[in-house]
Each structure stands twice: as C-alpha cells, then as structure tokens.
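Worksheet for the structure shown next.
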Amino acid sequence: MLQMQSQSAPAVRHSGPSSLAYNLSGIAVLVLLLAVGAAYLIDSLSQTSRIPAPALDDGDPVSQTISGRELSIPTSWFRYGEQIRDGFTSQIDLRIPYAPEGAEAPASVDITLLPRSRVRASASLLDRVYLHQFADETLGGVPGLVGKPMLAGNGYAGESVWYDALSPAPFVAKCEQPLAPDAAAQCVRTVYLPSGIAAVYTFDAALLQSWRHFDPEMQRWLGAIGAW
C-alpha cells in the first residue's frame, strides 16, 4: 500500500500594512517623548542660568542664630535649600560671588559659618602644624605670598600652603590639587571673625592672586548679615 506523505510547509509571517503602521507609530511616540524630555531639560537649564547671582542688597532675609549671634541672611545666599529656615543653628553654608579687579567673570566663594570651638584658624595651624610638614622647596607665582608644598609621605600629597610671611596676623590658605585633570585647584582658609563666629572659605586657587583684597571683600558680605 502506498502511503501518502504530506509535507507541511513552514508558516510564513507576512508583515501587512497594519503591522508596519504599528511600528511607525511606536517610533513616532518614542521620538515625541525624547523631544519633550529635551525641551524640559533645556527649559530647566535656561531657568537655572537666569537665576541672579547673590548681591549685597538682596532681600527676603532669614533670621538665624549661631554662637549667640543673630544673623539676617538673604535666601539667595544659601548654598543648600534645606538650611533656609529661621531659628538656631550650628552651621550655615553660603555661596557668594567674588570678582577681583580685572577678572572677566566673578568666581564663587563658599563660606561655612561655625562656632569657633569646631575649627582651628589657618594662622594658628601655620605655626603649630603646617611649618613642621613643609617640604624643602618653595613655590612661586603668587606675589606677596610664600608657597610651600606639604610632605607627601605624611598624607599631604598634592597639598600646599600659601602664607604672608611678613604679617603678624598672616593670610594663610591651604590648597589641594584636583583629582580631575581639567578641574581647578581649591583652597581653604579658616578665620575667627570679630563676632565670635568662625568662617571657613573655600575658593578657586586662582583667587590667591588677589589675596590682599580677599578678607576686606569677605568683610563686606559678612558684615551685611551681622556675622563680622
């Protein structure tokens, strides 16, 4: 008996017009979502760029008390939004612009206000700590300041101290080279203010060139809020 062998042909899926239209619709929706997201990002960036820099005559002040001293601080000066509230506090973080004479654009100086008991002034650290950690070589490039690299073997790799060797109350700042190759070196200077508050300044190392005007400029800003 002859047995009929049936060959089953493989099923072939044809993409009809409806399938093509569905795919095109999905792509169109994705492109639309990306366009909307890009528009929101551009708008957000443009709004950020339109935020005015802090100014000495800013209003909308917040009243905060630190180390027994009541300060009146414009909200635009605060570095962190969560600190914008009235009352007692143990730390205030501000960011202000500083435009030395001849500068193309103002730089930012971060200021942290603290009780004196929490920090040591840079001038005090110069005699008690830094002088014992200096390497032999001397750095140049900042007129009026002596630059000394710190000993790398003591955990100070990439750090240097710049100070005015002629003043009994010297300008002193410790600077650190950045980790990223395209970033700027940052410096830290801690001072005790006449009000009894300590101020920690963090700023771009390029501002060392105008170090003689640095403290008077900080006095203008901090005096305006009652911190000096």
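Taking the Cβ of GLY87 as the center, what net charge do the other residues with Cβ under 14 Å away carry, scoring Lys and Arg +1 and Asp and Glu -1?
Local charge sum for GLY87: -1.
Each label point is 7 Å from the Cα along the Cα-to-Cβ direction; what then is the distance between the points at GLU176 and THR65, in nm?
3.5
With every protein chain left in place, what is the accessible area of HIS213 in Å² (1.4 Å probe, nearest 10)?
120
How much length is gained if the chain between ARG128 and ARG85 is pulled fully straight, taking 0.36 nm per residue apart and subtracting their Cα-Cα distance, in nm to one decimal?
Working it through step by step, the gained length comes to 11.7 nm.
Taking all protein chains together and a probe of 1.4 Å, list LYS148, LYS174 from the most accessible to the least accessible.
Of LYS148, LYS174, the descending order of accessible area is LYS174, LYS148.
Tell me, what ³J(HN,Hα) does each residue in segment 69-80 have, in order and in whole Hz, if you take phi through Karplus 6.51 cos²θ - 1.76 cosθ + 1.60 with θ = phi - 60° and put x for Gly and Pro?
Taking θ as phi minus 60°, the curve returns 10, 8, 10, 10, 10, x, 4, 6, 8, 6, 7, 10 Hz for segment 69-80.
Please give me the summed charge of the neighbours of SER210: other residues whose Cβ is under 15 Å from its Cβ, Lys and Arg +1, Asp and Glu -1.
Counting the neighbours of SER210, the net charge comes to -3.
Using 0.36 nm times the number of residues separating GLU137 and TYR192, minus their current alpha carbon distance, what extension gain do you get?
That works out to 16.8 nm of additional length.
Taking H as built 1.01 Å from N, whose amide H comes closer than 5 Å to the amide H of LEU71, not counting residues under 5 places away?
GLN64, THR65, ILE66
So, taking all protein chains as they sit and a 1.4 Å probe, how much accessible area belongs to ASP215, in Å² rounded to tens?
About 40 Å², ignoring ligands and nucleic acids.
Using a 1.4 Å probe on the protein heavy atoms only, what accessible surface does SER160 show? Give it in Å² to the nearest 10.
Only protein atoms counted, so the area is about 10 Å².
The values are calculated or read from the model by the stated rules, or taken from the named source; none is laboratory data. From a predicted model like this one, the values you see are computed outputs, not experimental measurements. Every residue, glycine as well, gets a Cβ built from its backbone with ideal geometry; the counts of neighbours run over all protein chains shown. These accessible areas exclude ligands, DNA and RNA; they are computed on the full protein's heavy atoms, side chains included. Shrake-Rupley method; radii C 1.70, N 1.55, O 1.52, S 1.80 Å.
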